[in-house]
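Read through the structure below, which is laid out as structure tokens, and then see the notes.
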Amino acid sequence: PGEEISIWITRANGATFGANRTVRADEDGIFVGVISTAEWGMPPGDYVLVAQDVRGEYEPSTAPFRVLP
């Protein structure tokens with residue numbers, strides 16, 4: 001809870017897409033956000049959202065998603 005989290009997006013091949021961003025988890029350890037594929041300039045394809053504590057003490061969490069044309 002209250003942890004600062006680094007989030008980034010990778011392509012299916014593991015290459016990072018765009019810049020890292022940081023968010024803070026709430027008192028229940030949850031963070032909420034919206035990924036605007038238009039804002040990030042993401043072409044159609046497969047991606048993975050990765051989230052990890054900024055100190056890197058814990059394993060990252062991942063969430064795959066697909067951008068459709």
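The values are calculated or read from the model by the stated rules, or taken from the named source; none is laboratory data. These numbers were taken from a predicted model, which means no experiment stands behind them. Neighbour counts run over all protein chains shown; Cβ positions are idealised from the backbone, glycine included. These accessible areas exclude ligands, DNA and RNA; they are computed on the full protein's heavy atoms, side chains included. Shrake-Rupley method; radii C 1.70, N 1.55, O 1.52, S 1.80 Å.
Laid out as a table, the results:
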quantity	calculated
Sole exception among (1) in contact with a Lys or Arg (Cβ under 7 Å, 6 or more places away or on another chain); (2) at pLDDT below 90 for I35, by number	(1)
Qualifying residues in the stretch 1-32 (those that are open to solvent by less than 40 Å² (accessible area, probe 1.4 Å) and touching a residue at least 40 places away in the same chain (Cβ under 8 Å)) - the one farthest from P43 (Cα to Cα)	I5
I30 of a type in the set (A, V, I, L, M) and in contact with a strand residue (DSSP E or B) (Cβ under 9 Å, 6 or more places away or on another chain)	no
Total residues in the stretch 33-68, condition open to solvent by less than 60 Å² (accessible area, probe 1.4 Å) and part of a strand (DSSP E or B)	11
The stretch 43-56 residues that are closer than 15 Å to E3 by Cβ and among the basic types (K, R), paired with ones that are at pLDDT 90 or above and not in a loop (DSSP other than H, G, I, E, B) (beta carbon under 8 Å, 6 or more apart)	none
